[in-house]
Amino acid sequence: MPKKNLTPTTPPRERAFLVGVEVHGQSHLLTLEDSLTELSLLCDTAGLEVVGELTQKMDRPNPVTFIGSGKVEELKALAEDSLAQVIVFDNELSPRHQRELEKHIGENVRILDRTAVILDIFAQHAHTSEGQLQVKLAQSEYFLPRLTGQWTHLARQAGGGAGRSGSVGGVGLRGPGETQLEVDRRAVRHEIAHLKDELEKVRARRMRHRLQRKRSRIPAVVLVGYTNAGKSTLLNRLAKSDIYVADHLFATLDPTTRRVELSGGYQAIFTDTVGFIQKLPTTLVAAFRATLEEIAEADLLLHVVDISHPNAMNQAEAVHETLEEIEAEHVPVITVLNKIDLLSDPAAARSALKHFPQAVAISARSGEGIGDLLGMLRSTLYETFTPILVRLPYQQGQLISLFHEFGQVERLEHGRKGVLIQGRIPGRLVAQFKPWQVKPGGKEKEEEE
């Protein structure tokens, strides 16, 4: 008898049907169609096969089912015809919306939203213990108000947490008169508190590392950008390293740091961070605070833009909005227009440079423009000086020394509470002096007691 082929086969992808809603008066960076295209890519990255989509424009969401009752019936029929197993909304749904939609559509079809898909992708791509902690916290906070006993399909996301009834956080005992749902909620709250404690330790450790880097006098550069803009490829090119690169959304999640040699014997520490995206879930922003603080504490940001993408400018705006959200808009920025090798007319990238105050066009893959970028990095980090007036307390001796070592002192006055210094410092150091900066028109001399 011929031997049977025992080679394992890849399980079929779950079939997903997409729903996009445009609410009058709500502005988004991408059009409804472009946002659904992005959601389709997210679903593909998460392991789902998109089998169709439905859109609706409305004045306000239905308080019960989010979409109109007629659309619900249409969606139910389309899901049945396409054999969809999952329905994914491009909008963030409230727990009530999800519960009511599941009732109307049927229990055989799960209802997810964009946030749930992004959380699932993050869960798949978090490889370090720190990344896994942050993802678990975001998942737990997202699922807590949605616990109904119907989320067992997402157990793998939460690492055996919110999806497993009665076992979250190792708590499975029920008190007198306590329902299983109450037990689950109590367990998830316990898990959230534990994860926050662990992440505070991570945050403290990162803070110590940042202080060590600052004492080393080597500037810190952080790469930011929309997901799949080419940040990891660029860091590989600059540092001559081999960070994992893939052509899909959120290919790299855990931050990676490398030392980069600039011209003239200068150096800088470069860190690659998680990619941004429009409608970035607030639970993720909060959970990734320890990682995102690397951005706010950087000496310089490299904002990598995929200039070959049709929505490049909108994606760049989404990054700017996220930087404001995490209070990092004060950090100097060099904009890197990447992937010019994919343009039919590379001159188009150079014409786009005028939209950014400090920008350079490159191809991280081919190396074109890298020399220009390195020159701009050296100039910004070591040669460009910013005028500043600060009053530094004597306890800030390290900053006083830093000003004298790297700055150009034009005026120096000692007072009872500190030293007033006026001069020029490298732009990368401005953020460190910002808390003690004397604003134009402010009082420069200490008042007489």
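The values are calculated or read from the model by the stated rules, or taken from the named source; none is laboratory data. Everything numeric here is computed off the predicted structure, so don't read it as measured data. Here Cβ is always computed from backbone atoms with ideal geometry, including for glycine, and neighbour counts include all displayed protein chains.
Quick notes
- Evaluation of THR55 against (1) among the hydroxyl-bearing types (Ser, Thr, Tyr); (2) within 26 Å of SER27 (Cα to Cα); (3) touching a residue at least 40 places away in the same chain (Cβ under 8 Å) (one fails), failing number: (3)
- Unique match (being among the aliphatic types (A, V, I, L, M) and either without any contact (Cβ under 8 Å) to a residue 12 or more places away in the chain or closer than 25 Å to PRO310 by Cβ (or both)) among LEU41, LEU101, LEU93: LEU41
- Scanning region 361-396 for residues that are at pLDDT 90 or above, within 32 Å of the chain's Cα centre (by Cα) and outside any helix (DSSP H, G or I) gives ALA361, ILE362, SER363, ALA364, ARG365, SER366, GLY367, GLU368, GLY369, ILE388.
Conditions (1) over 30 Å from ARG203 (Cα atoms); (2) among the hydrophobic types (A, V, I, L, M, F, W, C); (3) surrounded by fewer than 21 Cβ atoms within 10 Å (Cβ to Cβ), marked per residue:
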position	(1), (2), (3)
ILE269	no, yes, yes
VAL285	no, yes, yes
LEU292	no, yes, no
VAL305	no, yes, no
THR322	no, no, yes
LYS339	yes, no, no
LEU342	yes, yes, yes
HIS355	yes, no, yes
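- With respect to (1) within 19 Å of ALA296 (Cβ to Cβ); (2) assigned by TED's automatic domain parsing to the domain that holds PHE276; (3) over 22 Å from the mean Cα position of the chain (by Cα), the lone exception for LEU399 is condition (2).
- Some residue of region 248-257 being at pLDDT 75 or above and either of a type outside the set (A, V, I, L, M, F, W, C) or touching a strand residue (DSSP E or B) at 6+ places or on another chain (Cβ under 9 Å) (or both): yes
- Test for ALA316: is it modelled with pLDDT of 90 or more, surrounded by 13 or more Cβ atoms within 10 Å (Cβ to Cβ) and either more than 22 Å from LEU429 (Cα to Cα) or of a type in the set (Phe, Trp, Tyr) (or both): yes
- Flag if ASP306 is closer than 18 Å to GLU329 by Cβ, in contact with a Gly (Cβ under 9 Å, 6 or more places away or on another chain), acidic (Asp, Glu) and not assigned by TED's automatic domain parsing to the domain that holds LEU29: no
- Inclusion of ARG110 among residues that are of a type in the set (Lys, Arg) and in contact with a strand residue (DSSP E or B) (Cβ under 8 Å, 6 or more places away or on another chain) is warranted.
- Test: residue in region 108-131 that is over 21 Å from the mean Cα position of the chain (by Cα) and in the same structural domain as GLN180 (by TED's automatic domain parsing): no
- When GLY264 is tested against (1) in a loop (DSSP other than H, G, I, E, B); (2) at positive phi; (3) not β-branched (Val, Ile, Thr), only condition (1) is not met.
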